[in-house]
1. If the reach is capped at under 16 angstrom between alpha carbons, list the aspartates and glutamates near K35, excluding any in the same chain fewer than eight residues apart.
2. Can you give me the relative contact order of region 19-129 as a percent, contacts being Cα pairs under 8 Å and 6 or more apart?
3. Any idea what the dipole of region 7-113 comes to, in debye rounded to 20, about its Cα centre with Lys/Arg Cβ at +1 and Asp/Glu Cβ at -1?
4. Could you sort W56, W16 by accessible area so the largest value comes first, with the probe set to 1.4 Å?
5. When the dipole is taken about the Cα centre of region 21-64, and only Lys, Arg (+1) and Asp, Glu (-1) are charged at their Cβ, what size is it in debye, to the nearest 20?
6. Which of the peptides 76-89, 21-34 is most tightly packed, and how do the rest follow, judged by the mean count of other Cβ atoms within 10 Å per residue?
7. Excluding ligands and nucleic acids, what accessible area in Å² is computed for I138 using a 1.4 Å probe, to the nearest 10?
8. Starting from the residue with the highest accessible area, list K35, K120 in decreasing order, probe 1.4 Å.
Amino acid sequence: MAKLPVRSATNNKNIWHLFGPPPFLKGEDRAAFEKFLSQFSANVNPTDTIEQTWVWDITTLTWEILRYRRSIAGLYATNTVRGLRIVLEPLYGTENSQTLLDRWAQRDPEAIQFIDKLLKVAGLTMDDVSAQTLSVIISDVERIDGIITRMEARRNSVMREIVRHRATLGAVLRNSISEIEDGQFTEIGAPSQNTSSAA
C-alpha cells in the first residue's frame with residue numbers, strides 16, 4: 001500500500017490581511033495579537049485557505065474570550081468600593097464610611113490599615129468584601145460568562161472542523177491512491193473465440 005503524500009503548509013506570509021482588520025479595541029496590543037496569530041498558525045500548520053480561515057477564527061475568538069475574562073476582573077476592581085461599603089456601613093456608620101471609603105479608594109495607607117482592623121475585629125476579611133462585590137455585579141458577570149461560554153463553543157467547533165477536514169481529505173487521498181494502484185493491474189481474460197473452424 002502506498003503511503004499518503006506529505007502535505008506541506010501553505011505560505012501564510014501576507015495572507016492574514018485578506019480576513020479584514022483584527023478585532024482590536026482602543027489600547028489593545030496589535031503586536032500581541034499578531035504573535036498570538038503566529039503561534040496558532042505554527043501549531044495548526046494550515047494547509048489550505050479553508051484551514052487558514054479557521055486559524056483566523058480561532059485566533060480572533062480566543063482574543064475576544066481573553067478580553068471578556070479581563071472584563072470580569074475589571075468589574076471586580078471597579079466595584080470593590082461598592083462591596084466594601086456594604087460591609088463597612090454596619091460597622092462604622094454611613095457618613096463615616098463614605099469619608100473612609102474615599103480615602104481607601106485613593107489608596108491612603110492609614111485608611112487601608114484602619115479598614116483592615118475594622119474587618120478583623122468583625123471577624124471579616126477582604127474575601128468577604130469580594131463576596132459582597134460579586135453580589136453587586138453578579139448579573140453582569142453571568143451575562144459576560146454566557147458570552148464567553150458561547151465563544152468557547154464556537155472556537156471548539158472550529159477546531160473540530162479542522163480535525164474533520166483533515167480526516168475527510170485523508171480518506172479521499174487514500175481512496176485515490178487505491179484507485180490508482182488498482183488501475184495498474186488488468187485482468188487477463190479468456191482467449192478470444194473469434195477464430196473460425198478449419199475447413
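1. Once the sequence-local aspartates and glutamates are set aside, what remains near K35 is D57, E64.
2. Relative contact order comes out at 19 percent.
3. Approximately 200 debye in magnitude.
4. Largest accessible area first, the residues go W16, W56.
5. Value, rounded to 20: 160 debye.
6. Details: 76-89: 17.4, 21-34: 10.1.
Averaged packing, sorted descending, gives the order 76-89, 21-34.
7. 70 Å²
8. Correct descending sequence by accessible area is K120, K35.
The values are calculated or read from the model by the stated rules, or taken from the named source; none is laboratory data. Worth saying up front: this structure is predicted, and the values here are computed from it rather than measured. Please note: Cβ atoms are built from the backbone with ideal geometry, for glycine as well, and neighbour counts cover all protein chains shown. Side chains are part of the model used for accessible areas, which takes the heavy atoms of the whole protein and leaves out ligands, DNA and RNA. Shrake-Rupley method; radii C 1.70, N 1.55, O 1.52, S 1.80 Å.
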